[in-house]
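**Q** First the structure, then my questions, so here it is.
The values are calculated or read from the model by the stated rules, or taken from the named source; none is laboratory data. Nothing here was measured: the structure is a model prediction, and the numbers come from that model. Heads up, the Cβs are rebuilt from the backbone with ideal geometry, glycines too, and the neighbour counts pull from every protein chain shown. When the accessible area is computed, the model is the full protein with side chains, heavy atoms only, and any ligands, DNA or RNA have been set aside. Shrake-Rupley method; radii C 1.70, N 1.55, O 1.52, S 1.80 Å.
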Amino acid sequence: MIYFRKYTYHNECWWCKSDDLSREHKYKKSELVREYGGCRYKKNVIIAGNGKKDMWFKGPNCLEAKFKPNLCKKCNNSDSRDIDIAYDVFQKYLKSNIAELTNNRCLDLNNIFAADVNKNKMNLIRYLIKHVCCRLAEANIYIEDEVVSFLNGGYLLPYITFRFEIAIDAYRMHQKISSLNEKSHFSLGGMQCISNKTSNRARNINSYFQYRWFRISYLCDMSIKPLDIMNLNDKIPLILNFNANSYFSLM
Ligand SMILES: [Zn+2]
């Protein structure tokens with residue numbers, strides 16, 4: 001069995017080890033601005049969960065919208081410019097087409113990226129990996145060199161897999177809140193892990209991030225064989241995720 005290494009990033013970028021740190025957004029600033037505007041938010045405009053409690057956002061740059069400082073300015077800005085742009089294009093598409101995606105249950109990357117689909121597909125996955133790594137580093141999990149190599153341009157993605165889902169309970173919730181003039185929500189799932197009782201070391205970590213009822217779930221497991229991203233199909237099926245507890249509590 002292979003376990004994750006515990007590690008606390010003290011004043012150190014998990015990607016390149018620099019100490020010139022910044023905070024990556026948990027929810028991208030541009031998507032918050034697109035959804036709610038760029039000014040200071042009125043109370044009750046935004047609520048976002050972190051798996052433990054709900055948080056009110058004061059604006060798109062507030063601390064609640066960001067990770068702890070564990071990524072340096074260079075890695076967070078110039079070095080990840082292309083991957084940030086690919087995610088932004090993806091999120092814009094998601095916002096405009098979420099109803100159609102829900103009906104079709106398929107995400108066709110050819111409909112999202114006008115050109116260079118392969119390159120943008122890579123960059124989109126790299127953005128998701130960057131998000132997951134910020135979260136793992138914040139939870140004191142060491143980011144292994146293989147993941148850094150993937151972010152630096154490699155094609156083999158080790159030990160992190162994604163699933164794109166429609167969360168039926170969240171869909172039901174949105175049907176309810178639309179009548180209350182609440183427009184939207186972003187959320188992160190709690191970090192769940194399977195660990196060794198004796199050593200307290202994790203071998204399997206999962207969570208998700210979510211826009212409205214569109215959820216990207218991820219599983220980190222050191223025993224997963226590396227995936228050649230070039231082989232990833234451009235048409236990604238959307239899995240229906242049904243959480244009976246939260247669904248029936250909304251009835
Ligand atoms: Zn860095």
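**Q** In the range 103-126, is there at least one residue being within 24 Å of Asn231 (Cα to Cα) and within 16 Å of the ligand (Cβ to nearest atom)?
**A** Yes: one or more hits.
**Q** On the given criteria, is Glu31 modelled with pLDDT of 85 or more, within 24 Å of Phe164 (Cα to Cα) and within 16 Å of the ligand (Cβ to nearest atom)?
**A** Criteria not met by Glu31.
**Q** Output yes when any residue across the range 154-163 is open to solvent by less than 20 Å² (accessible area, probe 1.4 Å) and either at pLDDT below 90 or charged (D, E, K, R) (or both), and no when none is.
**A** No, every residue in the range 154-163 fails to be open to solvent by less than 20 Å² (accessible area, probe 1.4 Å) and either at pLDDT below 90 or charged (D, E, K, R) (or both).
**Q** On to the next question. Determine which member of the set Ala137, Ala65, Ala99, Ala114 is modelled with pLDDT of 95 or more and of a type outside the set (S, T, N, Q).
**A** Ala137
Here's the yes/no breakdown for (1) farther than 17 Å from Cys72 by Cβ; (2) buried (at least 17 other Cβ atoms within 10 Å of the Cβ); (3) within 13 Å of the ligand (Cβ to nearest atom):
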site: Lys6; (1), (2), (3): yes, no, no
site: Tyr9; (1), (2), (3): no, yes, yes
site: Asp20; (1), (2), (3): no, no, yes
site: Glu24; (1), (2), (3): no, yes, yes
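**Q** Just checking, how many residues over the range 193-246 are open to solvent by 30 Å² or more (accessible area, probe 1.4 Å), assigned to a strand (DSSP E or B) and among the aromatic types (Phe, Trp, Tyr)?
**A** So the answer is 1.
**Q** Restricting to the range 172-192, and then to whatever is at pLDDT 80 or above and part of a loop (DSSP other than H, G, I, E, B), can you tell me which residue is nearest to Glu138 (Cα to Cα)?
**A** Per the criteria, the residue is Met191.
**Q** Okay, moving on. Yes or no: the range 82-99 includes at least one residue that is more than 22 Å from Tyr27 (Cβ to Cβ) and acidic (Asp, Glu).
**A** Checked against the condition, which is being more than 22 Å from Tyr27 (Cβ to Cβ) and acidic (Asp, Glu), the range 82-99 yields no hits at all.
**Q** I've got another one for you. Give the range 138-157 a look and list any residue that's in contact with a helix residue (DSSP H, G or I) (Cβ under 9 Å, 6 or more places away or on another chain) and among the polar types (S, T, N, Q), or say none.
**A** The answer is Asn152, and nothing else.
**Q** Still on this model: Please return the ranges of helices (runs of 4 or more DSSP H) entirely within the range 52-127 where 2 or more residues are surrounded by 15 or more Cβ atoms within 10 Å (Cβ to Cβ) and of a type in the set (Phe, Trp, Tyr).
**A** Answer list for the range 52-127: 81-104.
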